[in-house]
Amino acid sequence: MDPLDGFGSPGREAAAADSRSAWSRFSSWLECVCVVTFDLELGQAIELVYPQDVKLTEKEKTSICYLSFPDSYSGCLGDTQFTFRLRQSVGRQGFKDDVYNRDAPVTLQRETAHFFGYVYFRQVKDVSIKRGYFQKSLVLVSRLPFTHLFHSMLQIIAPEFFEKLEPFLEAVCNEIDQWPPPSPGQTLNLPIVGTVLQIRIPSKSDKPGGSPVRQMTKENLLPAPTLLPTLHELDLFRCFQLVLIHLQMLWELALLGEPLVIMAPSPTVCSETVLALISAISPLKFCCDFRPYFTIHDCEFREYTTRTQAPPNVVLGVTNPFFIKAFQNWPHIVRLGEIKMAGDLPKQVKVKKLSKLKTLDTKPGIYTAYKPFLHKDKILIKRLLKGIQRKRPSEAQSAILRRHLLELTQSFIIPLERYMASLMPLQRSVTPWKTPPQVRPFSQEEFLSTLDHTGPQLTSMLRGDWMGLYRKFFRSPNFDGWYRQRHREMTQKLESLHLETICDADLLGWTKDKSEVEIVDLILKLREKLVRARRQHLQVKDGVLDKLDAFISSIVGSLPEDLQSVLNAR
Amino acid sequence: MALRELKVCLLGDTGVGKSSIVCRFVEDSFDPNLNPTIGASFMTKTVQYQNELHKFLIWDTAGQERFRALAPMYYRGSAAAIIVYDITKEESFQTLKNWVKELRQHGPPNIVVAIAGNKCDLSDAREVPEKDAKDFADSIHAIFVETSAKHAININEVFVEISKRIPVADAAVGTSVKGFKLGRQASESRRTCC
């Protein structure tokens, strides 16, 4: 029998154990599903939230309402899909289980302070409605950045929902509540209203640069499961087709976390372009705020458009031309127009001076004074343009783009990783009788001096001022985020090594000639270390934690009874 | 050995025992207090049939009226449908006839239909004579069995009968999976009526 057979995988007992009513499986994928409608009196309003007991604050609800409809509806007859991201209200509890975040690549980690909204908006003429139009959005709200998965799901469920209404949504949510939890590195079957989506969530230990779904025995499956080749990747070529010749500049702007506005004719284009930009620096995590679709109703609108301070490190996707005015003091604005073909090629936008920004009727272009540190890769551009002429499929063009961006980011990041690794103390300096040694501090100058021999020129053909790019990168939130992450990992590694050496040490022998105070101190310190190790899901050799537990109880047992009861009571 | 995935859906009135049948088939267990299904449950079980492995992808649909409109999503693309009624409830047999009609009109053209008269352990309270149901099933060329999920009667048999009626896979494709070995024999326990 197939070991994965049964009620979903893995096993139904686990599901039954963690109280079905709490929607625990559902909430490891989605926060909730919302239906947003246009009410003649209220304007945009939430018609339905599922599960019904999900807690959204009024502020979150208002944001979801505004962000779930295109800014101006007129241009969006038919069905429109796009993505937004909103800030969670202060005081909301974070997601408890961080095992997923430990094992997932940093770029796919669960959001802690934001939600994504994946929107399917339908607008069709309907004479039976007073307004003359049927306007409704089905929105999947999640902490997970699985753009492709959730939009594929919406394509399956949204059209059915608009006909079958609430019972359908109830069914969908109950089916999601039977899904296996998102586990990095595993191929998962996700049943959804009569079809099965098969996905693989990449794992941190995967080689970056592709997450192919393992092809199962594909022969003669009657209703083959729908294989989703990716959870999160976008069609980069489609997203960047109007700005291909400026790819180098856009990559640098994303890498440096520069304040950037993408203005596009539709929420679909602006949200996909923002998400594509964010993903362009993968495997680095984009650590600044980004809003694939942002409107003037957004709670952060004032915060982000204030002129009293420098623009924040945010990437915003907008459609409303009014933003040209609101963002006049921003350093980089990309205005995308409709796709115009110049012969075989999509007409590329030009770089323009910021002073050329005119209100409302501003022409497509990249409005910036930014000069890229690195030269553009002309061979890549030629190759892509030739691909267009030869009608190379969009997926193949995207694969070329993705590979290029990955190699570029890796060339940039490898010297940093190498230097960071050199800051790790030697393993032999970890001893059981001392606190673990600390990671040496990061010195920018010391790092820059390593570049002559082991710089990005080893892996990249691109010429230019790499040094200048690193200097600027050190001041960006993306460096800060990367450094903190690495530092935390290294500190945890030291902590694991320390626990393992303690485990191998002769602790009982040590206690023989020690006073009670010293022994109690040892017990308390060890306990604290164990609690922290478990909370952080620290990866230590099998049995280490259990052995230390056993050790603690045996020393406690050797102490006088009054002390024992005090120690056990804690 | 070739592996074939077969989508199977269960249809029928609420409370006739669709989930119990699936539960017995997949886990060989019975819970008299199962909650009514919302939407549908999805389960899989792989069994050996002759020189093939049949992996049943089972969609156990909700019987409640408010979910009725969702049924097409589950029988779409199904290789087989098991329509269940309760032998102690005449009404559930009438509902079954409606399901047959709907499948004939909107279901996949070659769908294998199996009719299961469940709760055959409660023959004292029987309202639907076995012969009536059998005649009806024959008239539409459907598989027919009376079952008891509670006492594990004829549950595996329904699926074996379905396997028998599934058109043979293309011989050329059927043998193409190389080096695939079965770890264990698929379980197939026979139980007889009491």
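Where a number appears in this text, it was derived from the coordinates with a stated rule and is not lab data. All figures in this text were calculated on a predicted structure; none of them were measured in a lab. Positions of Cβ are backbone-derived with ideal geometry, glycine not excepted, and every protein chain shown enters the neighbour counts.
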| query | At residue A:296 and residue A:344, where each label point lies 7 Å from the Cα along Cα→Cβ, what is the point-to-point distance in nanometres? | reply | 4.4
| request: Would you calculate the volume per residue, in Å³, of the smallest convex hull containing every Cα atom of region A:270-318? | output: 71
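Would you calculate, for chain B, the mean residue ellipticity at 222 nm contributed by helices, counting each DSSP H stretch of 4 or more residues as -39,500 (n - 2.57) and dividing by all residues, to the nearest 500? List each step's numbers first, then the result.
Numbers: 6 runs with 57 residues, N = 194.
Here the helix-only value at 222 nm equals -8500 deg cm²/dmol.
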| task | Enumerate the whole-percent occupancy of each 5 Å bin, from 0 to the last occupied one, for all C-alpha pair distances of chain B. | result | 1, 8, 17, 21, 21, 16, 9, 5, 2, 1, 0
| task | Pop out the ³J(HN,Hα) list for region A:475-487 in order, Karplus 6.51 cos²θ - 1.76 cosθ + 1.60 with θ = phi - 60°, rounded to Hz; leave Gly and Pro as x. | result | 8, 9, x, 5, 5, 4, x, 5, 5, 4, 4, 4, 4
| query | So what are the radius of gyration and Dmax for the Cα set of region A:400-484, in Å? | reply | 15.5, 53
| request: Give the residue from A:412, A:374, A:394 lying farthest towards the positive end of the charge dipole for region A:358-427; charges sit on Cβ (+1 for Lys and Arg, -1 for Asp and Glu) and the dipole is referred to the Cα centre. | output: A:394
| query | Taking only C-alpha pairs under 8 Å that are 6+ residues apart, what is the relative contact order of region B:39-95 in percent? | reply | 24
| Peptide A:166-173: average number of partner chain Cβ atoms within 10 Å per residue? | 5
| field | Cut-off under 5 Å, modelled amide H: who pairs with residue A:133 long-range | value | A:126
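How many Å³ per residue does the convex hull of the Cα positions in the protein assembly as shown occupy?
Working: hull volume 182.3 nm³, N = 764.
About 239 Å³ per residue, rounded to a whole number.
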| request: Sticking to Cα atoms, compute the Rg of region A:236-395 to one decimal and its Dmax as the biggest Cα-Cα distance, whole number, in Å. | output: 15.4, 51
| field | Amide H within-cut-off set for residue B:6, under 5 Å, with H built and near neighbours excluded | value | B:55, B:56, B:57
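So between residue A:386 and residue A:451, what do we pick up on full extension, going 0.36 nm a residue minus the alpha carbon distance? Provide the component values of the computation, followed by the final result.
Details: separation 65, 0.36 × 65 = 23.40 nm, distance 3.49 nm.
Net length gain for the segment: 19.9 nm.
I'd like to know how region A:324-419 sits against the 2.2 N^0.38 Å rule of thumb: what's its Cα Rg over that expected value? Before the final figure, lay out the partial values.
Numbers: Rg = 16.9 Å, N = 96, 2.2 N^0.38 = 12.5 Å.
Ratio of Rg to 2.2 N^0.38 Å for region A:324-419: 1.35.
May I ask what percent, to the nearest 5, of DSSP beta bridges between residues of the protein assembly as shown are antiparallel?
60
What order do you get for A:472-481, B:5-14, A:494-503 when each peptide is scored by the mean count of other beta carbon atoms within 10 Å, highest first?
Values: A:472-481: 16.4, B:5-14: 24.4, A:494-503: 19.4.
My ranking of the peptides, most packed first, is B:5-14, A:494-503, A:472-481.
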| What's the long-distance tail for region A:475-570, i.e. % of Cα pairs beyond 24 Å? | 34
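Please get the size of the charge dipole for region A:400-484, origin at its Cα centre, with Cβ charges of +1 on Lys and Arg and -1 on Asp and Glu, quoted in debye to the nearest 20. Spell out each step's value before the answer.
Details: 11 positive and 7 negative charges, 47 e Å.
Charge dipole of region A:400-484: 220 debye, to the nearest 20.
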| Taking +1 at the Cβ of each Lys and Arg and -1 at the Cβ of each Asp and Glu, which of B:3, B:54, B:133 sits farthest along the dipole of region B:2-165 towards its positive end, judged by Cα position relative to the Cα centre? | B:3
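Treating only the Cβ atoms of Lys and Arg (+1) and Asp and Glu (-1) as charged, compute the dipole magnitude of the protein assembly as shown about its Cα centre; round to the nearest 20 debye.
Details: 98 positive and 86 negative charges, 745 e Å.
I would put it at about 3580 debye.
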| message | Below 8 Å between Cα atoms, with a sequence gap of 6+, how large is the relative contact order for chain B in percent? | response | 25
| said: With +1 on the Cβ of every Lys and Arg and -1 on the Cβ of every Asp and Glu, and nothing else charged, how large is the dipole of region B:1-97 about its Cα centre, in debye rounded to the nearest 20? | reply: 340
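Only Cα pairs under 8 Å and at least 6 apart count here; give the relative contact order of chain A as a rounded whole percent.
In percent, rounded to a whole number, it is 11.
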